[in-house]
Amino acid sequence: FSMWYFALIPTYFVWHYTIALADLKRNAKNILWFVFNFFSIEILFESLFSPWKRLSKDVDPHSTFFTNLIINTLMRFVGVFVRGGTILFGLFFTVVTLAVFIALFVIWIFLPLLMPALFLYGISYFL
């Protein structure tokens, strides 16, 4: 081994705990933003009580007020059910993604400690 290899060790630790950690944080933020917006959670909250697919009964001179009311109310319930399910599904995946990144951050912090442990384990295998 030359001294060049030993000069890499402090450089690696500086990179691991500064640049790479900042990149991991930025990537986590971008992926969480993507998952949240992929399910359009904010837009679905804004239109939660709108009729599903804008299906509603227009005022028809041949239908009664109660027929229009029942159909429009039913379409709003369908809209709440479908949008609410999509919101819950999206929030679930956002929380799962957040949990994965928290675990990844913890693993990343302690990963350099694994190298000497594996080295010592490898040496003890031959002793």
query: Within the range 35-46, can one find any residue that is charged (D, E, K, R) and more than 20 Å from the chain's Cα centre (by Cα)?
result: yes
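Taking the range 9-22, which residues are more than 29 Å from the chain's Cα centre (by Cα) and open to solvent by less than 80 Å² (accessible area, probe 1.4 Å)? Steps first, please.
Pass one, the range 9-22, residues more than 29 Å from the chain's Cα centre (by Cα): 9-12.
Of everything in the range 9-22, those that are more than 29 Å from the chain's Cα centre (by Cα) and open to solvent by less than 80 Å² (accessible area, probe 1.4 Å) turn out to be Pro10, Tyr12.
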field: Residues that are under 16 Å from Leu44 (Cα atoms) and open to solvent by 80 Å² or more (accessible area, probe 1.4 Å), drawn from the range 81-127
entry: Phe81, Leu88, Phe89, Phe92
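The values are calculated or read from the model by the stated rules, or taken from the named source; none is laboratory data. Fair warning: this is a prediction, and the values are worked out from it, not measured in the lab. In case anyone asks, the SASA skips ligands and DNA or RNA and just uses the protein heavy atoms, side chains included. Shrake-Rupley method; radii C 1.70, N 1.55, O 1.52, S 1.80 Å.
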